[in-house]
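Here the structure comes first, spelled out in structure tokens, and everything after it is commentary.
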Amino acid sequence: MEWNFEAGVPIYLQLMDGFRQAIARGEYPPGQKLPAVRDLAVEAGVNPNTMQRALAELEREGLVYSMRTSGRFVTEDANVLETLKKELSDACFEAMYEKLTALGMTEIEIREALDRWLLDRAGI
Amino acid sequence: MNEYGNRTLLQCENLTKCYGSTTALEHVNLALEGGRIVGLVGPNGSGKTTLIKLAQHLLTPSEGTILVGGMAPGRETKAIVSYLPDRDFLPQWMSLADVLRFYEDFYTDFRRDRAEEMLANLQIPNRTTIKKMSKGTREKVQLILTMSRDAMVYLLDEPIAGVDPAARDYILRTILTNYNPEALVLISTHLIADVEPVLDEVVFLKEGQVVLHQNADALREETGKSVDGYFREVFKC
């Protein structure tokens with residue numbers, strides 16, 4: 001995974017976002033074992049405690065789980081993964097909605113424009 | 001977890017150091033725990049090197065106390081502290097092989113195999129003398145030697161000054177890969193942006209005084225700025 005950190009946002013939150021995306025797009029498939037904290041930290045160039053914190057938070061969210069001796073794994077719970085995808089796509093829609101309403105578009109106009117855009121994009 | 005985990009490994013109480021009429025450190029109170037990587041940041045002349053030299057017994061306090069692993073700096077503390085000075089410290093005539101033997105003789109906690117493994121990545125012939133190495137190579141070699149000790153405290157004085165960005169990444173990776181997880185790593189630097197992601201905590205020194213000591217991520221959260229951005233604000237000229 002490529003990491004680029006933004007200024008002014010805690011690094012553990014940015015790490016959590018990165019993992020959410022990677023899990024959602026299947027880079028870390030369900031049931032996959034995650035590398036050791038230290039290896040992940042070295043790869044991202046961050047402090048191991050920060051990486052540990054990010055993973056612990058993801059564990060609280062149920063996206064990963066740990067087995068006492070064998071390490072951390074990506075959840076296999078289909079509901080959790082589906083909710084994750086929905087949350088991530090909702091966030092994209094939210095951002096898009098805000099930008100388009102800021103341009104003065106109404107919801108009906110947005111819906112029509114989106115349909116048209118999808119058709120244009122497909123070359124139809 | 002061993003006896004050092006999360007215990008205070010560097011403690012300053014009312015620590016003051018004067019050079020003649022100049023005060024380099026003024027009433028510093030500071031406690032740093034094991035298991036952390038701490039950035040000691042401040043502009044030139046703010047007292048960073050003075051603090052590190054006091055911890056390494058290269059200087060003695062004018063007032064107040066400094067304890068390393070609960071002990072006053074001296075022979076016993078040097079056995080548990082691995083120190084990287086801010087300038088070249090290896091004799092120029094020594095070859096890489098000489099240096100490895102030298103470290104092995106000097107420090108019981110030196111892990112020669114670890115040093116050799118890291119040095120192998122740099123592909124420097126064993127017979128190369130320190131004098132013949134480029135500045136960047138020399139800095140990497142010195143850091144490798146420092147990180148190859150199983151120390152409880154690592155004092156790294158400007159480990160990334162004067163090297164190119166690729167070497168900087170190499171050095172930071174070397175620190176992350178090799179420090180003992182219960183140890184305290186204190187990195188002094190004015191290149192904050194480069195080391196920021198590896199830090200647990202930051203200590204800001206200004207004119208010999210500690211003006212801030214905080215968790216790096218908490219600082220980013222509170223100020224909405226990078227540690228580097230906040231530093232520029234605090235130390236605006």
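May I ask you to say which residue of B:T223, B:T189 is free of Cβ contacts under 8 Å to residues at least 60 places away in the same chain and hydroxyl-bearing (S, T, Y)?
B:T223
Take the residues of the stretch A:28-70 that are more than 13 Å from every other protein chain (Cβ to nearest Cβ) and among the basic types (K, R): which is surrounded by the most Cβ atoms within 10 Å (Cβ to Cβ)?
Out of the qualifying residues, it is A:K33.
What is the number of the single condition among (1) over 26 Å from B:G224 (Cβ atoms); (2) more than 11 Å from the chain's Cα centre (by Cα) that A:R25 does not meet?
(2)
Quick check on my filter: what residues within the stretch B:142-188 are of a type in the set (S, T, N, Q) and away from chain A (no Cβ under 12 Å)?
Those that are of a type in the set (S, T, N, Q) and away from chain A (no Cβ under 12 Å): B:Q142, B:T146, B:S148, B:S188.
Report, ordered by the first and then the second residue, all pairs with beta carbons closer than 6 Å, sequence separation of six or more or different chains, a first member in the stretch A:40-67 that is under 20 Å from A:E6 (Cβ atoms), and a second member that is surrounded by fewer than 16 Cβ atoms within 10 Å (Cβ to Cβ).
From the stretch A:40-67, the pairs are A:A44/A:W3.
Specify the residue that is most open to solvent (accessible area, probe 1.4 Å); the eligible residues are those in the stretch B:69-93 that are outside any loop (DSSP other than H, G, I, E, B) and not charged (D, E, K, R).
Across the stretch B:69-93, the extreme among qualifying residues is B:M71.
Restricting to the stretch B:19-34, name every residue that is within 14 Å of chain A (Cβ to nearest Cβ) and either open to solvent by 10 Å² or more (accessible area, probe 1.4 Å) or farther than 22 Å from B:I80 by Cα (or both).
Result: B:E33, single match.
Which of (1) in contact with a helix residue (DSSP H, G or I) (Cβ under 9 Å, 6 or more places away or on another chain); (2) without any contact (Cβ under 8 Å) to a residue 12 or more places away in the chain is the odd one out, the single condition B:L10 does not satisfy?
(2)
When you look at B:K140, is it in contact (Cβ under 8 Å) with a residue 60 or more places away in the chain, in contact with a helix residue (DSSP H, G or I) (Cβ under 8 Å, 6 or more places away or on another chain), open to solvent by 10 Å² or more (accessible area, probe 1.4 Å) and of a type in the set (K, R), yes or no?
No.
How many residues does the stretch B:12-28 contain that are part of a strand (DSSP E or B), among the polar types (S, T, N, Q) and either out of contact with any strand residue (DSSP E or B) (no Cβ under 6 Å at 6 or more places or on another chain) or over 15 Å from B:P61 (Cβ atoms) (or both)?
Total meeting the criteria: 2.
The values are calculated or read from the model by the stated rules, or taken from the named source; none is laboratory data. Since this is a predicted model, take the numbers as computed values, not measurements. Here Cβ is always computed from backbone atoms with ideal geometry, including for glycine, and neighbour counts include all displayed protein chains. For accessibility, only protein heavy atoms count, side chains too; no ligands or nucleic acids. Shrake-Rupley method; radii C 1.70, N 1.55, O 1.52, S 1.80 Å.
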